[in-house]
Amino acid sequence: MFSDWIIGLSGQPTPHKTKWLIGPNSKDTSDHLQQKGKGMTKITKREFYGTLRNRVNDYFNSKGISQKGNVGLFVKAVIIISIYITPFVIFLTIPVNLWQAILLVILMGIGEAGIGMAVMHDAAHDVFSGKRWVKRLFASTMYLFASNTLNWKIQHNLLHHTYTNIYGFDQDIETKAVIRLCNHAPLKRFHRLQHGYAFFLYGLMTLSKLVTDFGQLIEFNRSGNTKKQQSSPRKELAKLILAKALFFSIIVGLPIWLTSFLWWQVLLGFALMHIVAGMIMSTIFQMAHVVEGTYQPIPDKDGVVHFEWAVHQLRTTSDFARNNFLLNWYVGGLNFQIKHYLFPNISHIHYKRIAPIVEKTAHEFGIMYNLKPTFVAALASHQRRLKELGRPASEIYWLL
Ligand SMILES: [Zn+2]
């Protein structure tokens, strides 16, 4: 166990009143650390992130390359967006039978998930390109599946990245319907079965977002998060309503109008596309944070998390299947999540190259590095973790 005492949350541990006292972009306030840590523990790892950042910067400087996306990322974006749009155009313009239609819909689901993971994600983090209009254009791919970039930026960039795996702060590990994703959440009897049914429910993720986006935006508007992002709550709500209306008109309305398929067949196809996309994205997301070896801390009564920010990211996140070329390409570096959480300002296109630097530095500082060697190993670990989360924490051996 590490004894670092570095990250603090000020005020009561509620999502909208707290802030990191020390984070990746703040100055190293050693006085504060020593004062807060006095008599409790000692600081040993605070040099870690500085050392790591210097080494990663040296890598980019020595190669003379930008930390943003490159031509390879642009080509990937075009291919993945085509996987989503081309089947739809074929469906509208060429008569197809039922089985061909199902195949096209599945391809669209694969494309939709790919856009979310490998295109929109980088763009919403402002790392797709050095050019502002290019970043904004590709971040707007969010509208291709009727969501809005502001919701994503607050939920993901702000809350999830800052409070990774911290119960009560990170919405990603909140209980989703009947799936318990955190050992601090209330436990119900039916959770004992969740490792069996969770994967089916993952398929509902993007479908449910079509509705829950509204509640989420209203909450962000009310809490002042929308204004903090320098946007207007009314404007964002209007944009969201317009995006949904356009999306349904195009993706459901056009096939009903232009093809021989009946309205309920089109709706079933629409649902299937989302089930494919939701299942892929949810599973990939969960394999980074809800697997064996990743911790889910809660702040103490003073709202303090007892680990340096960078060490916290390593404790709460896992890499997987780093040598799987197809996976690396398709999931947009979400299998190199440790790099992403330490360096969200670097495009995923570079993660494979900087992975050895991060791993070596972590080992030098004696910090654990979660890695599942293959996709199957990570999937199995996630399923075992779901099984653990369906039981009392006292039964989970590695948390004791
Ligand atoms: Zn991210």
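The values are calculated or read from the model by the stated rules, or taken from the named source; none is laboratory data. Please read these numbers as outputs of a predicted model, since none were measured by experiment. For neighbour counting, all protein chains shown are included, and Cβ atoms are generated from backbone atoms with ideal geometry for every residue, glycine included.
Which of the residues belonging to region 326-337 are more than 17 Å from LYS68 (Cβ to Cβ) and either within 16 Å of the ligand (Cβ to nearest atom) or surrounded by 19 or more Cβ atoms within 10 Å (Cβ to Cβ) (or both)? If you could, list the steps in order and put the result at the bottom.
First, pick out the residues of region 326-337 that are more than 17 Å from LYS68 (Cβ to Cβ): 326-331, 334-335, 337.
Within region 326-337, ASN328, TYR330, VAL331, LEU334, ASN335, GLN337 meet the criteria.
What's the number of the condition GLN230 fails, among (1) over 27 Å from VAL252 (Cα atoms); (2) in a helix (DSSP H, G or I)?
Going through (1) over 27 Å from VAL252 (Cα atoms); (2) in a helix (DSSP H, G or I) one by one, GLN230 breaks only (2).
I'd like the residue in region 52-84 that is of a type in the set (Ser, Thr, Tyr) and surrounded by 15 or more Cβ atoms within 10 Å (Cβ to Cβ) and, out of all such residues, is nearest to ASP126 (Cα to Cα). I'd like the intermediate steps shown before the answer.
The initial filter retains those residues of region 52-84 that are of a type in the set (Ser, Thr, Tyr), namely 59, 62, 66, 82, 84.
Filter once more, keeping what is surrounded by 15 or more Cβ atoms within 10 Å (Cβ to Cβ): 59, 84.
On the way: TYR59: 21, TYR84: 23 Å.
That would be TYR59.
From the list THR86, THR51, THR141, pick out the single residue that is modelled with pLDDT of 95 or more and polar (S, T, N, Q). It would help to see each step written out before you state the result.
Working: THR51 fails: modelled with pLDDT of 95 or more; THR141 fails: modelled with pLDDT of 95 or more.
One residue alone meets the criteria, THR86.
Could you grab me the full set of residues in region 87-137 that are within 16 Å of the ligand (Cβ to nearest atom) and outside any helix (DSSP H, G or I)? Spell out how you get there, then give the answer.
At the first step, the residues of region 87-137 found to be within 16 Å of the ligand (Cβ to nearest atom) are 113-128, 135.
Residues satisfying the conditions are HIS125, ASP126, VAL127, PHE128.
Scanning region 383-398 for residues that are closer than 13 Å to PHE190 by Cβ and in a loop (DSSP other than H, G, I, E, B), which turns out modelled with the lowest pLDDT?
ARG391
Of (1) assigned to a helix (DSSP H, G or I); (2) surrounded by fewer than 22 Cβ atoms within 10 Å (Cβ to Cβ), GLN313 satisfies all except one. Which?
Every listed condition holds for GLN313 apart from (2).
For region 138-189, which residues satisfy the criterion of being part of a helix (DSSP H, G or I) and either at positive phi or more than 16 Å from the ligand (Cβ to nearest atom) (or both)? Break it down into steps so the answer makes sense when it comes.
Let us first name the residues in region 138-189 that are part of a helix (DSSP H, G or I), namely 138-145, 149-162, 171-173, 189.
Within region 138-189, SER140, TYR143, LEU144, PHE145, ARG189 qualify.
Would you call HIS340 within 16 Å of the ligand (Cβ to nearest atom), under 19 Å from VAL56 (Cα atoms), modelled with pLDDT of 90 or more and more than 17 Å from the chain's Cα centre (by Cα)? Walk me through how you get there before you give the answer.
Numbers: within 16 Å of the ligand (Cβ to nearest atom): yes; under 19 Å from VAL56 (Cα atoms): yes; modelled with pLDDT of 90 or more: yes; more than 17 Å from the chain's Cα centre (by Cα): no.
When the stated conditions are applied, HIS340 does not pass them.
Do the conditions hold for ILE367, that is, is it away from the ligand (no atom under 16 Å from the Cβ) and assigned to a loop (DSSP other than H, G, I, E, B)?
Values: away from the ligand (no atom under 16 Å from the Cβ): yes; assigned to a loop (DSSP other than H, G, I, E, B): yes.
In short, yes.
In the set ASN323, ASN345, which member is part of a loop (DSSP other than H, G, I, E, B), of a type outside the set (Lys, Arg), within 16 Å of the ligand (Cβ to nearest atom) and loosely packed, with under 15 Cβ neighbours inside 10 Å?
On the way: ASN323 fails: within 16 Å of the ligand (Cβ to nearest atom).
Matching residue, one of ASN323, ASN345: ASN345.
Pull up region 348-364, narrow it to residues that are over 23 Å from ASN165 (Cα atoms) and away from the ligand (no atom under 15 Å from the Cβ), then point me to the one that is nearest to the chain's Cα centre (by Cα).
LYS352
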